[in-house]
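Since every read-out is calculated from the coordinates, none of them should be taken as a lab result. Because the structure is predicted, anything quoted here is derived from the model rather than measured. Every residue, glycine among them, receives a Cβ derived from its backbone with ideal geometry; neighbour counts consider all protein chains shown.
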Amino acid sequence: MMDKRQLRNLIRRVLIGIGGYSEEAENLLMGTAAQESALGEYIRQLGNGPALGIFQMEPETFDDIVRNYLSYRPDLCRKVLIVSGVINLKSEYLEYNLALAISMTRMHYARVREKIPSDLTGWAGYWKRFYNTPQGKGTEEEFVYNYKQYVL
């Protein structure tokens with residue numbers, strides 16, 4: 001598990017760097033990391049699944065964000081590249097590039113038209129609907145529990 005203060009600070013700096021900062025986004029990403037990887041304990045999905053990084057993003061999701069979101073926003077794409085210190089966007093970088101993982105998770109949520117909620121219950125529901133999806137194994141209750149355990 002990562003130090004929560006250091007991770008929060010990094011998330012804030014990256015979000016500011018890509019122009020996607022809000023207190024709600026920062027907290028949503030902290031909760032997503034708590035839920036998906038126990039705040040960085042896991043950088044590869046357990047059981048040989050495809051998900052990578054502290055936010056457990058699947059390569060297919062990563063590629064979809066690049067192809068259908070960032071490719072239409074070259075200025076934003078450039079910011080992601082600069083903040084992440086990479087010259088091209090490859091999903092395998094998620095495993096070890098925290099700035100890229102933060103950026104791409106924020107891009108995932110940026111595609112959602114619904115505003116990010118301002119409280120823990122709201123973040124849990126938002127994560128479940130838009131990140132884990134209704135078909136995913138995670139629950140809002142787990143998100144709340146993990147947020148309280150790892151973030152607070």
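Over the chain, dividing the summed -39,500 (n - 2.57) contributions of all DSSP H runs of at least 4 residues by the number of residues returns a 222 nm mean residue ellipticity of -17000 deg cm²/dmol. Of the GluC sites (Glu not before Pro) found in region 23-66, those in coil by DSSP whose Cβ has at most 15 other Cβ atoms within 10 Å are 41.
Compute the helix-to-body angle for 4-18: its Cα long axis versus the longest principal axis of the chain, expressed 0 to 90° and rounded to tens. Approximately 40 degrees, to the nearest ten.
For the chain, take the longest principal axis of its alpha carbons; what is the angle in degrees between that and the long axis of helix 140-150, to the nearest 10 within 0 to 90? In the chain, helix 140-150 runs at an angle near 90 degrees to the longest axis.
Here is the list for region 90-152: GluC sites (Glu not before Pro) lying in DSSP coil, each with at most 12 other C-beta atoms within 10 angstrom of its C-beta, are 114.
Extents of the chain, taken as max minus min of Cα coordinates on every principal axis and listed largest first, are 37, 34, 30 Å.
Over region 4-150, what is the relative contact order in percent, taking alpha-carbon pairs closer than 8 angstrom and at least six residues apart?
Working: 181 pairs, mean separation 40.7, N = 147.
Computed over region 4-150, the figure is 28 percent.
For the chain, the longest principal axis of the C-alpha atoms and the axis of helix 23-37 are separated by about 70°. Panel order for 103, 22, by other beta carbons found within 10 Å of each beta carbon, from fewest to most: 22, 103. For the residue pairs 128/148; 79/148; 79/137; 90/148, the alpha carbons lie more than 26 Å apart in 79/148; 79/137; 90/148. Test of understanding: given the chain, find the longest segment containing no trypsin sites (Lys or Arg not before Pro) that are in a DSSP loop and have at most 10 other Cβ atoms within 10 Å. Counting only loop sites that pass the neighbour cut-off, the longest clear stretch is 1-112. FRET efficiency for the residue 118 to residue 38 pair, using the beta carbon distance and R₀ = 25 Å, is estimated at 0.55. Could you tell me which of rounded, prolate or oblate describes region 31-99, using a ≥ b ≥ c as the square roots of the eigenvalues of the alpha-carbon gyration tensor, with rounded for a/c under 1.5 and, failing that, prolate when a/b is larger than b/c and oblate otherwise? In terms of gyration-tensor shape, prolate.
Tally Lys and Arg at +1 and Asp and Glu at -1 over the other residues with C-beta under 11 Å from the C-beta of residue 51: what net charge comes out? With Lys, Arg at +1 and Asp, Glu at -1, the net is -3. FRET efficiency for the pair residue 9 and residue 48, taken as 1/(1 + (r/R0)^6) with r the Cβ-Cβ distance and R0 = 41 Å, rounds to 0.80.
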